[in-house]
1. In segment 260-280, what residues are closer than 17 Å to residue 121 by Cβ and in a loop (DSSP other than H, G, I, E, B)?
2. Looking at segment 441-453, is at least one residue in contact with a helix residue (DSSP H, G or I) (Cβ under 9 Å, 6 or more places away or on another chain) and on the phi > 0 side of the Ramachandran plot?
3. For the subset of segment 249-280 comprising residues that are modelled with pLDDT under 85 and touching a strand residue (DSSP E or B) at 6+ places or on another chain (Cβ under 8 Å), which member is surrounded by the most Cβ atoms within 10 Å (Cβ to Cβ)?
4. Looking at 354, 366, 371, which is the one that is out of contact with any strand residue (DSSP E or B) (no Cβ under 6 Å at 6 or more places or on another chain) and modelled with pLDDT of 95 or more?
5. Check residue 159 against each of (1) farther than 30 Å from residue 328 by Cα; (2) modelled with pLDDT under 90; (3) assigned to a helix (DSSP H, G or I) and name the one condition it does not meet.
6. Just one of the numbered conditions (1) surrounded by fewer than 19 Cβ atoms within 10 Å (Cβ to Cβ); (2) out of contact with any helix residue (DSSP H, G or I) (no Cβ under 9 Å at 6 or more places or on another chain) is not true of residue 288; which one?
7. Does any residue of segment 437-444 turn out to be modelled with pLDDT under 95 and more than 25 Å from the chain's Cα centre (by Cα)?
8. Give just the number: which of (1) modelled with pLDDT of 95 or more; (2) assigned by TED's automatic domain parsing to the domain that holds residue 267 does residue 339 not satisfy?
């Protein structure tokens, strides 16, 4: 339902009645997974889709009926059995759809707030009722009286290599070119001068840490800790928009802080059993049907969006940021050059960070869903950055460059002590062979490789295959 949240919030603000139809179970080659949602309001307007067009007409009629009667419906749409099913799915699959009136969906304000803020939250639903299970947001951090929260020091602009000069890195104009063009920052003095950037205490700590011996490589999932992402202003406590009439309790056994539960499924024991099941699903990012107190309960989780971190503030990075945002990633663009790493140049990015890439990566959160796109194309950036990247559990690590550049990069990483098992995770040159030339086409090629790796795709044209499309 994440994709229809903004529209539902607008309907609620306008006082429109609505019903939400959610796919809760699928069999065989269903077109959309459990959790896909479609909403219909009292004016007949529609948000979202549950089957890509196969059964939307029938679901629209059912949702309109639910708005009028206030009664939920659990419907099945499947293959060419007119007696057992209402509508045939042309794709050959079967889906079960729960149609709920808006009045039955407790805690929508809390749910919408958490989704918008990127906080993990889950719902547990039965016909006619819903729970929202969430981690209470943290209180805003307090600052010493001597600290001005509106004063932020810029990170230092120093070379990651003590023997290297403090010069501007070279960035390619054509990722497939063997010759590398260079971009230099127009400084306040002579052409190509390096801009002065203020030094902060945090970066002093990073420099001291960088002087320590390098940690040994460990494989993903081996138990090595991954730094947590620093809290952002968006993580501050949201407005408590939930009605005071909605019951809340803290679920036991879900950690020291517990989970806040909003709403009720009509039975206290069912509420507790469903909330504990939801806590487990939330930790794993799963969605599906479970059994709780001899009832079927549909649990849908809204985990924090996966991250895409793009290194190198170039035109290719802008295109990759756009397609990453389109695919649902939380996109960060990082570059050490403040003149190029600006929000104005990357409006689709959720954040733009001015810092040496390897230092930023070492200080931010990375998990198995994280995508790292290294587009810097410069050894001064690439080598220290990839040394850090290949120690993380990131699900995708790709680096731009020609064949010659990639071969030279691998040699440098070997010399730096990166083992073969870690180098095998590096996708370089980045992307699939689509014959891409422009930044936008290159971004599609990169996104195609990310999608194929995420879902086990081969990159083979579907017209050349006979296997089921949806597995």
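The values are calculated or read from the model by the stated rules, or taken from the named source; none is laboratory data. Owing to the predicted nature of the structure, the values given are computational and were not obtained by experimental measurement. Methodologically, a virtual Cβ is constructed for each residue, glycine included, from the backbone with ideal geometry; neighbour enumeration extends over all protein chains shown.
1. Within segment 260-280, just 265 meets the criteria.
2. No, segment 441-453 contains no residue that is in contact with a helix residue (DSSP H, G or I) (Cβ under 9 Å, 6 or more places away or on another chain) and on the phi > 0 side of the Ramachandran plot.
3. Filtering segment 249-280 for residues modelled with pLDDT under 85 gives 249-259, 280.
When the remaining residues are screened for being touching a strand residue (DSSP E or B) at 6+ places or on another chain (Cβ under 8 Å), the result is 249-251, 258-259.
Details: 249: 15, 250: 12, 251: 19, 258: 16, 259: 22.
Only one residue tops the list, namely 259.
4. Selected residue: 354, the only one of 354, 366, 371 that is out of contact with any strand residue (DSSP E or B) (no Cβ under 6 Å at 6 or more places or on another chain) and modelled with pLDDT of 95 or more.
5. (3)
6. Tallying (1) surrounded by fewer than 19 Cβ atoms within 10 Å (Cβ to Cβ); (2) out of contact with any helix residue (DSSP H, G or I) (no Cβ under 9 Å at 6 or more places or on another chain), residue 288 fails exactly one: (2).
7. yes
8. That leaves (2) as the condition not met.
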